[in-house]
1. Residue check: is Ala151 in contact (Cβ under 8 Å) with a residue 24 or more places away in the chain, open to solvent by less than 40 Å² (accessible area, probe 1.4 Å), more than 15 Å from Arg115 (Cβ to Cβ) and touching a Pro at 6+ places or on another chain (Cβ under 8 Å)?
2. Go through the residues of the stretch 163-171 one by one and say whether even a single one is over 13 Å from Gly242 (Cβ atoms), open to solvent by 10 Å² or more (accessible area, probe 1.4 Å) and modelled with pLDDT under 95.
3. So which of Pro218, Pro158 ends up being closer than 30 Å to Ser106 by Cα, out of contact with any helix residue (DSSP H, G or I) (no Cβ under 7 Å at 6 or more places or on another chain) and touching a residue at least 60 places away in the same chain (Cβ under 8 Å)?
4. I'm told Thr145 meets every condition in (1) among the β-branched types (Val, Ile, Thr); (2) out of contact with any Phe, Trp or Tyr (no Cβ under 6 Å at 6 or more places or on another chain); (3) in contact (Cβ under 8 Å) with a residue 24 or more places away in the chain except one. Can you identify the failing condition by its number?
5. When the stretch 122-141 is examined, which residues are found to be in contact (Cβ under 8 Å) with a residue 12 or more places away in the chain, open to solvent by 10 Å² or more (accessible area, probe 1.4 Å) and assigned to a helix (DSSP H, G or I)?
6. Restricting attention to the stretch 129-155, which residues are aliphatic (A, V, I, L, M) and over 18 Å from Thr222 (Cα atoms)?
7. Using beta carbons and a limit of 9 Å, which pairs, at least six apart or on different chains, have the first residue in the stretch 97-121 and more than 20 Å from Tyr177 (Cα to Cα) and at pLDDT 95 or above and the second one of a type in the set (Val, Ile, Thr) and in a loop (DSSP other than H, G, I, E, B)?
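The values are calculated or read from the model by the stated rules, or taken from the named source; none is laboratory data. Worth saying up front: this structure is predicted, and the values here are computed from it rather than measured. Using ideal geometry, Cβ is built from the backbone for each residue, glycine included, and neighbour counts are taken over all protein chains shown. The area values use the complete protein model at the heavy-atom level, side chains included, leaving out ligands, DNA and RNA. Shrake-Rupley method; radii C 1.70, N 1.55, O 1.52, S 1.80 Å.
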Amino acid sequence: MNRQRTRAAILASLALAGTVAVGACAASGGGTGTGNGTTPTSTTATTPGNLTSGAPTPSGPTSGWGPGMWSGDQGPGMMGGDGNSWAPGMMGSGMTGNWWLAGNGSQVRTLDQARERAGAFADRLGLQVGEVMHFTRNFYAQLETAGGRQATEVLVNPVDGAVQIEYGPAMMWNTAYGMHYGSQSEATVSASQARRHAQRWLRDRGTTLTAGDPESFPGYYTLHTLQSGKITGMLSVNATTGQVWYHSWHGDFIAMSGHG
């Protein structure tokens, strides 16, 4: 099956499962507009952020792991606004490897436990675990190549240790490990430009947050958001279009660890 047919089959399966607003989201490759449940881009107005916590108030998904997240009952959507979830095993053995690793039934409470689970997933892709972060709704981990280059981002479910490719940019913008793998889009946004895009996006939403140093992933950059120099969350910037996608699904930042 050629790449076009493979991608079409995957998008069709997603549509049948009711997990993604395929028309607007997949066609643009990112978070555009406010009516389809995706986080708006740098050109879309949103309500000013919550200055108490410092986080913007995006119109996209704001829930992390929750009841029915893996059953598809009433769990929060990956990026569509339909109330369903990115279902376990939907991708099976995807285009470039598994998109989801079933949980082992044990709760994940520490950064070391999250690193171990992320490592089990990384092994499937021939990758290794870099930075790991703990948020109130989930654990987040960056996966790297053996040479230390950023590859993709994953989430670890604290309830049972399930691991999946992260929502948003990692799924939709990543040109090596995402739905648009093999994209020929030229990266026209530099790291310094990505930071300026991110800072403008934050400023336009009335927050006092600042954008941290960009980390380059295939097709996009991810940056921490900072309040008085302390991490509060993160966002990503598309390396071709300059679109900004705030990671609204994490909750509050708790702690992080570097390379294991």
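1. Details: in contact (Cβ under 8 Å) with a residue 24 or more places away in the chain: yes; open to solvent by less than 40 Å² (accessible area, probe 1.4 Å): yes; more than 15 Å from Arg115 (Cβ to Cβ): yes; touching a Pro at 6+ places or on another chain (Cβ under 8 Å): yes.
The answer is yes for Ala151.
2. No, because not a single residue in the stretch 163-171 is over 13 Å from Gly242 (Cβ atoms), open to solvent by 10 Å² or more (accessible area, probe 1.4 Å) and modelled with pLDDT under 95.
3. Testing whether each residue is closer than 30 Å to Ser106 by Cα, out of contact with any helix residue (DSSP H, G or I) (no Cβ under 7 Å at 6 or more places or on another chain) and touching a residue at least 60 places away in the same chain (Cβ under 8 Å) leaves just Pro158.
4. All conditions are met except number (3).
5. Arg124, Leu125
6. Ala146
7. Sorted first by the residue in the stretch 97-121, then by its partner, the pairs are Gln107/Val159; Val108/Val159; Ala114/Val108; Glu116/Val108.
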